Structures are given as structure tokens and as C-alpha cells.
Amino acid sequence: MSGIRWESIEAGEEPEALTIGPVTRTDFVRYQGASGDMNPVHHDEVFAKAAGFEAPLGVGMFPAGVMSTWATNWLGPDNVRRFRVRWKRPVWPGDTLTFSGAVAEKRESEDGRFVDLTLQGINQEGAVVVQGWMTFVCDSTDL
Amino acid sequence: MINKAALGAEGAPFELDVERGKIHEFARAVRSQHPEHFTGDTPVIPPTFLATMFFWEELVQGANPWHLAEMSQERGMHAEQEYVFHGPPPRAGERLFAKSRITEIYEKAGRRGGTLTFVVMVTEFRDASGGLRAEAKLTGVETSQPPKESEQEGGQS
């Protein structure tokens, strides 16, 4: 368990983005098996086509989860206090996704010292598929 | 049509055991590269891990009140999801005591006409002594027209 040094993180700081893909049906079904959401529209070609889609529709919590761990790879999974995601566009098999984010704000309150991030995932056309907001706690002893 | 009478509906309490093997599996599925999910006897969960409550609420009849809102299969989508942790996120070996509740139902005008109806469900996760460890907030949206790929405005399933 490692804390975030308050002094060493700055607003606007933006580490290297993560690109994954082309994402596959296997990526979707691996996430579905791990999470327990077995909605067939995300893996069953016949079902997805009958529902009016050309291919299985990506399960939204897959890019959301990857976006969240892009941030915890950087600031540590123990330090997370909030993660919020909003979906903007569907993800399809064959898409290449790039996840990035930056420090929006450093703030201090009675509850401690926090870093707020804004996050996004875009597809190969540059269109936003997921947006995120995340809060991490900083070490208070680290003065 | 959303059943507005579902507002305030509570699910039956259920338990979620945070398991090491499930953390490994989930962390791989969301491409985490952080060693803290993969080493030690009590790894910490990834931020969206509480999505695995699916497995646990299925074991308890009436645990999930979401269906009471009667959101359409065709026109309903997952719009937003939020996880809040009151302290460090849970670790393997913890048993969480969970309960879900429909907390909000509201309407907004869609950008392209029609009405969007939002339904919010909050699941609280407590420890054995009743302390609040985490909350999951699910926001679903139902459009008055079937969503089309190029016209999606609320979210996705």
C-alpha cells in the first residue's frame, strides 16, 4: 500500500495514455464472466442481430473498468474514494480504445487532502465513448 | 413505461464475500496492471469490482429491486455508474452486507425530442459492525423512442 505524495502531484498532470485493441468479443465475454452480467446482446451474435445490431454491442462496464484501472495503475487502488462513469457511445468489436486523464483539482477539506481526476476513453475515430470522474485521497502525514 | 411506484422500493439484504480469485479474474478482465491486485493473501479490489454483486444478489430472492421499475429491454440503457468508498476499498477476506434501494425516478426532455426517464438505484455495502464501506449508484435511462446507434443520447446497455 503506497500513498500519494501531496507535494508531488500537480493540477494538469497527465500521464501517458493507454491504448487497447482492437477489442474483441473475447474481451467482452471475459468481462461478462468476471462480473456476472451475462446479457446475451454483448456476446451472442444471433441475439445481437435480432435486436437490430450488426455485431455484439460492447458491454459498457468493460471500457469503464479499463478506464478506472488506467488511473489506479498511476495513483494506486488503495487510494480510490470515488469513481463515476458516463457512457457516450457504443463500443464495437474491432474498435481501438485510448484511455487518458488528468488532475483536475487538488483540494483540502476537514476530511483530508484529495486529488480529483477527469478521465475519458476515445475510439479510433477520436469520438468519446466513456467519460469519468475519480477522486483519490493523499497522505496527510506526508508534510 | 417506467413504474414510478417503484420509487423507494428496497431489496432484501444480501452478502458479498470479497474473494481473492475473483479479484484476480476481474482485475485481468479490466486490464489492470497494478501488482496489488495480484499479490498477497488479501488483495484490494479494482474500482468497479462491486459489479460482481450480480453473483450474490442472485442467491437471495428479492435482493434486486431494479426490475420493479419495469424499464424497457429495448429502450433502456445503463447511463451512469458510480462507486464511492468510505475509506480504503474492500480487500479479499471481507464479508460485505449489502442492500439496494430505488432512490430516484425523474424525467428530462431528450435533445432530439421525446422524454428520457431516469431510474437510480443505490446499493450500500456495510461491514459486520454496520459501518458503511462502499456505495454503488446505478443510473438507467429509458428513451421514449428505440435508441439508434448514431443517435444515442443517454448511455448504453
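Since every read-out is calculated from the coordinates, none of them should be taken as a lab result. All values derive from a computational prediction rather than experimental measurement. All Cβ positions, even for glycine, are placed from backbone atoms using ideal geometry, and neighbour counts span all protein chains on display.
Numbers below:
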{"item": "Highest-fluctuation residue, B:57, B:142, B:74 considered, GNM on chain B with Cα pairs under 10 Å", "result": "B:74"}
{"item": "Gaussian network model of chain B, Cα within-10 Å springs - most flexible of B:11, B:114, B:62", "result": "B:114"}
{"item": "Karplus 3J(HN,Hα) series, Hz, for segment B:104-119 with 6.51 cos²θ - 1.76 cosθ + 1.60 (x for Gly, Pro)", "result": "8, 9, 8, 10, 9, 6, x, 5, 10, x, x, 10, 9, 10, 9, 10"}
{"item": "Shape call, chain A: gyration tensor on alpha carbons, a/c limit 1.5", "result": "prolate"}
{"item": "Convex hull volume per residue in cubic angstrom - Cα atoms of the protein assembly as shown", "result": "141"}
{"item": "Average other protein chain Cβ within 10 Å of Cβ, residues B:77-87", "result": "6"}
{"item": "Cross-link table A:106/B:4; A:106/B:108; B:22/B:108; B:108/B:137; A:106/B:99, entries beyond 30 Å C-alpha to C-alpha", "result": "A:106/B:4; A:106/B:108; B:22/B:108; A:106/B:99"}
{"item": "Within straight-line cross-link reach of residue A:49, aspartates and glutamates at Cα separation under 17 Å, skipping those fewer than 8 residues along the same chain", "result": "B:74, B:149"}
{"item": "For residue A:81, residues with placed amide H under 5 Å, excluding near neighbours", "result": "A:135, A:136, A:137"}
{"item": "Segment B:4-145, relative contact order [Cα under 8 Å, separation at least 6], %", "result": "30"}
{"item": "Crossing angle, helix A:25-35 versus chain A [Cα axis fit, 0-90 degrees, rounded to tens]", "result": "60"}
{"item": "log₁₀ of I(q)/I(0) at q = 0.15, 0.21 Å⁻¹ - chain B, Debye sum with one point per alpha carbon", "result": "-0.85, -1.25"}
{"item": "On Cα atoms only, tilt of B:20-29 relative to the major axis of chain B in degrees", "result": "50"}
{"item": "HN-Hα J in Hz across segment A:39-52 - Karplus 6.51, -1.76, 1.60, θ = phi - 60°, x for Gly and Pro", "result": "3, x, 4, 8, 8, 9, 4, 5, 5, 4, 5, 5, 7, x"}
